[in-house]
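The values are calculated or read from the model by the stated rules, or taken from the named source; none is laboratory data. Worth saying up front: this structure is predicted, and the values here are computed from it rather than measured. Note that we place each Cβ from the backbone using ideal geometry, even for glycine, and neighbour counts take in every protein chain shown. Just the protein is used for accessible areas: all its heavy atoms, side chains included, with ligands, DNA and RNA removed. Shrake-Rupley method; radii C 1.70, N 1.55, O 1.52, S 1.80 Å.
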Amino acid sequence: MTEVTVVGAGVIGLSCAARLLEAGHAVRVVGRDLPPDVTSAVAAAVWYPYLAEPRDRVTGWSATTLAEFTALAARGVDGVVMTPGTEIFRESVPEPWWTSAVPAVERVLGPRPGYAEGWSFVSPVIEMPLYLPWLAARVRELGGTVEQRTVASLDELDGTVVNATGLGAREFVGDTTMEPVRGQVVYLEQVGVDRWWIDDNDLRNPTYVVPRSRDIVVGGTEDHGAEDLTTDPATEDAILARARALVPELADAKVIGRNVGLRPSRPTVRLEREGDVIHCYGHGGAGVTLSWGCADEVATLV
């Protein structure tokens, strides 16, 4: 048994902690912020590899995570629901690079007016306000601890450490390759939408509609280098216009909330051991999508 400190209490840190506890290690999680006040809580979150490299490792981590979420949904875990949906394109495109991670993907012609084709599959939608508390409770149930504490550097910690600090890795380990990618979302009342939709034709303004039990998350933005956490009304109007054009059923859905998060982007996900430290950060817009696959690999490195 190894005593492990996981720094970071978002979806990556908590998933790593759960896997390490299941492997018989003693684990404490420390985070500057705890759920729901973490970036992971802003995620929509539909399983979908986004803003994460390298593709070969991302595909493997994504496949493992998809299998785990499928199992969690079958067990009735809070906030995990297998949901059909479609990624759509205005022109014909090759099969997306990540489809090898998905058991079944169907090509759809003319999925929406103005769109040439789409790729449909069943994906887990993870309702983070429900799932994150479940995940933290799972860590505690397995004998781990979760505490709010600011750790300024590795020098403050002894023993084995998992660095799951996300964007905080800029300061925590001086990683200057980290870049915030601002994402703004709007929450609409649930009006009966039961499919997710993704339109990535405008890479700086991806449009997505993700239904949850209590609301519908619509987005978004991809603002590289931006760190302003204030919601912008003009941006919200543009998001709503795109989402309602994509899914007309949203025309009369009332806005019930809004949020902004900073995706922890990096040229490649850093998952490696360096002495007594296992680094696991830089998951971009795919933290939830990669969470269990990365947690499994972290467990093998401890």
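Values as computed for the structure displayed
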quantity	calculated
log10 of Debye I(q)/I(0), alpha-carbon scatterers only, for segment 3-301 at 0.11, 0.13 Å⁻¹	-0.63, -0.88
Hz values of 3J(HN,Hα) by residue in segment 147-158 - Karplus curve (6.51, -1.76, 1.60), Gly and Pro given as x	10, 8, 6, 8, 10, 7, 7, 5, 4, 7, 10, 10
q = 0.14 Å⁻¹, segment 52-197: log10 I(q)/I(0) [Debye, one scatterer per Cα]	-1.01
Sum of side-chain charges, Ser62 neighbourhood, beta-carbon under 13 Å (Lys, Arg +1; Asp, Glu -1)	-3
Sulfur and carbon atoms: percent of accessible area, segment 1-144 [1.4 Å]	52
Of the trypsin sites (Lys or Arg not before Pro) in segment 197-291, those whose Cβ has at most 12 other Cβ within 10 Å and which sit in DSSP loop	Arg204, Arg214, Lys254
Sequence ranges 140-153, 40-53, ranked by mean other-Cβ count within 10 angstrom, highest first	40-53, 140-153
Heavy atoms of Trp197: accessible area, 1.4 Å probe, square angstrom to 10	20
Solvent-accessible surface (1.4 angstrom probe) belonging to Glu249, in square angstrom, nearest 10	110
Per-residue SASA entry for Val185, accessible area with 1.4 Å probe, Å² rounded to 10	10
Area projected by the alpha carbon convex hull of segment 179-259, averaged over all directions, nm²	5.1
Accessible surface, 1.4 Å probe, highest first, among residues Tyr281, Tyr187	Tyr187, Tyr281
Cα gyration tensor category, rounded, prolate or oblate, for segment 154-198 with a/c compared to 1.5	prolate
Dipole magnitude of the chain about its Cα centre (Cβ charges: Lys, Arg +1; Asp, Glu -1), debye to nearest 20	460
Packing rank of 71-83, 168-180, where each peptide gets the mean count of other beta carbons within 10 Å, highest leading	168-180, 71-83
Anisotropy class of segment 147-302 from Cα gyration tensor, a/c 1.5 cut	prolate
Solvent-accessible area per residue for the chain (1.4 angstrom probe, square angstrom)	42
Fraction of beta bridges assigned by DSSP in the chain that are antiparallel (%, nearest 5)	70
Protection proxy ranking of 23-36, 227-240, 126-139 - average other beta-carbon atoms within 10 Å, highest first	126-139, 23-36, 227-240
The chain: calculated mean residue ellipticity at 222 nm from DSSP helix runs of at least 4, using -39500 (n - 2.57)	-8500 deg cm²/dmol
Overall form of segment 86-139 per C-alpha gyration tensor (a/c, 1.5; a/b vs b/c)	prolate
